[in-house]
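The values are calculated or read from the model by the stated rules, or taken from the named source; none is laboratory data. All values reported here derive from a predicted model rather than from experimental measurement. Every residue, glycine among them, receives a Cβ derived from its backbone with ideal geometry; neighbour counts consider all protein chains shown. What goes into the accessible areas is simple: the full protein's heavy atoms, side chains included, and nothing from ligands, DNA or RNA. Shrake-Rupley method; radii C 1.70, N 1.55, O 1.52, S 1.80 Å.
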Amino acid sequence: MTELPDPEAQPGQVVVRVRAVCVHPADVASTTGQIPRGPVMPPFLPGWDIAGEVAAVGSDTTDFRVGDRVVGMIPWYLTRGAPGGYAELVAADAEWLVPLPDGLDFASASTVPLNAQTAHQGLELLSLDLLSDGSSILVTGASGGVGGFAAQFAAQAGYRVVAQASDGDEEWVRGLGAHEVVSRSADLAAVGPVAAVFDAVPLGDAAAAAVENRGFVVTTRPTPAIDPARGVRQDLQLIRLDRKLLAELVERVAAGTLRTRVAVTMPLTEAADAHRRVLAGGLHGKVVLTTG
């Protein structure tokens, strides 16, 4: 832990007093070098998703006032940790943030931005408008943050969702709207053929085996190319911040029409232990760091 100077809000920014920051596998990957950091070298701050209160407002910033509750996504692919969310105070562009409804707690809100936007944008890549009503979609990792949101979006759009759940988590996944739940150890080739796969884990070849020829596959990280003879369209979902979409998704979670969950909260001072818990796996929900 290190003491840093308090950040100052520049034009178009606010300083957020962070109350909760979600721990993502991407945070762990950034610290191990699996996510390229470009010219940024340690020390840097991990952390994409924050929820808290506005502590200061910069000039030319009219969207927020001191005391407003906010949630947002630091586009770490741009900031590379300068800033990141693992701090008590973060200077964030106002465009990264949306209002946090009073009925939604900080910890739950912090699980929404990266996970829900990735799921929503990934399903858009699947060209759901080209699929017929009731088409089957396989979602891997539906026990996780991205997969859980993807299962809900697909089910609410009217598609038949086959969702892969972690052992002992079948009831939660079924409650997301999945029509069929398969275990983590299932042979996904026997599940198909399905019209599309949202490979949130991703599993790569194991998940692609379930898609029909000339179907669709979206993954959250690069995976091996599928045999071109099968005619499967293969897309990679890379997150992009969409403020309007984020505001809508946060409102839906606050209203209870989208579900999320927190497995455990830990003090920000225990960030290293939080990373170890994420690496160990077996969690039903997200790990969230809090500042009290």
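For the range 51-60, the count of residues that are over 20 Å from ASP273 (Cα atoms), surrounded by 24 or more Cβ atoms within 10 Å (Cβ to Cβ), out of contact with any His (no Cβ under 7 Å at 6 or more places or on another chain) and touching a residue at least 12 places away in the same chain (Cβ under 8 Å) is at least one. When every residue of the range 265-272 is checked against the conditions, at least one turns out to be more than 20 Å from GLY144 (Cα to Cα), of a type in the set (Ser, Thr, Tyr) and open to solvent by 50 Å² or more (accessible area, probe 1.4 Å). Criterion first (of a type outside the set (S, T, N, Q), assigned to a strand (DSSP E or B) and in contact (Cβ under 8 Å) with a residue 24 or more places away in the chain) does VAL253 satisfy it? Answer is no for this residue. When the range 3-50 is filtered for residues that are closer than 27 Å to ASP68 by Cα, polar (S, T, N, Q) and either open to solvent by 40 Å² or more (accessible area, probe 1.4 Å) or modelled with pLDDT under 90 (or both), only GLN10 remains. Checking GLU248 against (1) part of a helix (DSSP H, G or I); (2) open to solvent by 40 Å² or more (accessible area, probe 1.4 Å); (3) touching a residue at least 12 places away in the same chain (Cβ under 8 Å), which test does it fail? Only one criterion in (1) part of a helix (DSSP H, G or I); (2) open to solvent by 40 Å² or more (accessible area, probe 1.4 Å); (3) touching a residue at least 12 places away in the same chain (Cβ under 8 Å) is unmet by GLU248, namely (3). Within the range 76-90, count every residue that is open to solvent by 20 Å² or more (accessible area, probe 1.4 Å) and in contact (Cβ under 8 Å) with a residue 24 or more places away in the chain. Matching residues across the range 76-90 total 7.
So which residues in the range 130-165 are touching a residue at least 60 places away in the same chain (Cβ under 8 Å) and buried (at least 24 other Cβ atoms within 10 Å of the Cβ)? Of everything in the range 130-165, those that are touching a residue at least 60 places away in the same chain (Cβ under 8 Å) and buried (at least 24 other Cβ atoms within 10 Å of the Cβ) turn out to be ILE137, LEU138, VAL139, THR140, GLY141, SER143, GLY145, VAL146, GLY148, PHE149, GLN152.
Can you find, within the range 273-292, the residue that is farthest from TRP48 (Cα to Cα) among those that are of a type in the set (A, V, I, L, M) and open to solvent by 70 Å² or more (accessible area, probe 1.4 Å)? Per the criteria, the residue is ALA280. From the list LEU125, LEU138, LEU100, exactly one residue is within 24 Å of ALA255 (Cβ to Cβ), touching a strand residue (DSSP E or B) at 6+ places or on another chain (Cβ under 6 Å) and of a type in the set (A, V, I, L, M, F, W, C). Which is it? Of LEU125, LEU138, LEU100, the one residue that is within 24 Å of ALA255 (Cβ to Cβ), touching a strand residue (DSSP E or B) at 6+ places or on another chain (Cβ under 6 Å) and of a type in the set (A, V, I, L, M, F, W, C) is LEU100.
Residues that are without any contact (Cβ under 8 Å) to a residue 60 or more places away in the chain, open to solvent by 30 Å² or more (accessible area, probe 1.4 Å) and part of a loop (DSSP other than H, G, I, E, B) within the range 178-215 comprise HIS179, ARG184, SER185, ALA186, ASP187, VAL191, PRO193, ALA209, listed in sequence order.
Okay, residues lined up against (1) at pLDDT below 95; (2) in contact with a strand residue (DSSP E or B) (Cβ under 8 Å, 6 or more places away or on another chain); (3) among the polar types (S, T, N, Q):
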{"site": "LEU176", "(1), (2), (3)": "no, yes, no"}
{"site": "GLY192", "(1), (2), (3)": "yes, yes, no"}
{"site": "ARG240", "(1), (2), (3)": "yes, no, no"}
{"site": "MET266", "(1), (2), (3)": "no, yes, no"}
